[in-house]
1. May I ask you to list pairs of residues, at least six apart or on different chains, whose Cβ atoms are under 7 Å apart, with the first in the stretch 97-122 being over 19 Å from HIS77 (Cα atoms) and the second being open to solvent by 60 Å² or more (accessible area, probe 1.4 Å)?
2. Does the stretch 3-29 hold any residues that are in a loop (DSSP other than H, G, I, E, B), in contact with a strand residue (DSSP E or B) (Cβ under 8 Å, 6 or more places away or on another chain) and at pLDDT 80 or above, and which are they?
3. Within the stretch 30-49, can you find the residues that are modelled with pLDDT under 75 and either farther than 15 Å from MET75 by Cα or not in a loop (DSSP other than H, G, I, E, B) (or both)?
4. Output the residues belonging to the stretch 85-130 that are more than 16 Å from the chain's Cα centre (by Cα), open to solvent by 90 Å² or more (accessible area, probe 1.4 Å) and among the hydrophobic types (A, V, I, L, M, F, W, C).
5. Take the stretch 74-92 and flag every residue that is free of Cβ contacts under 8 Å to residues at least 24 places away in the same chain and either assigned to a helix (DSSP H, G or I) or β-branched (Val, Ile, Thr) (or both).
6. What pairs come out if I take residues in the stretch 31-45 that are of a type in the set (Val, Ile, Thr) and pair them with residues that are open to solvent by 60 Å² or more (accessible area, probe 1.4 Å) whose C-beta lies under 8 Å away, six or more apart or interchain?
7. Taking VAL100 as the residue in question, decide whether it is within 18 Å of ILE20 (Cβ to Cβ), modelled with pLDDT of 70 or more and outside any helix (DSSP H, G or I).
Amino acid sequence: MSATAASSPTLAVGGDVLVIPQIEYLDAAANSIEEILAVPGVDAAFVHSGRPWSNGRVSPATARDRASSDVLGHMLHISHRLAVPLGTDSVDGSAARMAVRNGFRMVAVGSDVDVLSAAAADQLRLAQTH
């Protein structure tokens, strides 16, 4: 990025840059998903699943109750209708497979914490074996 582009109040988006807003709060998901996905230049959106619905956060990984399933279904429907992929993260391959089956088009398998924790546990088990 050039110094001019970095200091400019607007940045021309294109080329290798993707615009992917991260949606973390229930009110954004329930009330604004269509407006968010319809913004010119938005290439996809990402629904963060790091926490459950507490504090209004979205969580596909824990979407077991009716209200959260309805909101996620609504979000997926809008994303498919507008042809803007909706992504999420998952704790493991099984959860990732379920997210894809449910209609998410991008799925990150594990977070840095998940991956590092699993690797550390594996290494600890190796160190403890005789």
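1. Matching pairs, first to second residue: VAL109/ASP92; GLY110/VAL91; GLY110/ASP92; ASP114/VAL91.
2. Across the stretch 3-29, the qualifying residues are ILE20, PRO21.
3. ALA30
4. LEU116, LEU124, LEU126
5. Matches in the stretch 74-92: HIS77, HIS80, ARG81.
6. Final answer for the pair search is ILE33/HIS74; VAL42/ILE20.
7. No: the conditions fail for VAL100.
The values are calculated or read from the model by the stated rules, or taken from the named source; none is laboratory data. In this text the structure is predicted, and so the values were computed from the model without any measurement. Counting neighbours? That spans all protein chains shown, and the Cβs are built from the backbone with ideal geometry, glycine included. Note: accessible area is taken over every heavy atom of the protein model, side chains too, but ligands, DNA and RNA are not part of it. Shrake-Rupley method; radii C 1.70, N 1.55, O 1.52, S 1.80 Å.
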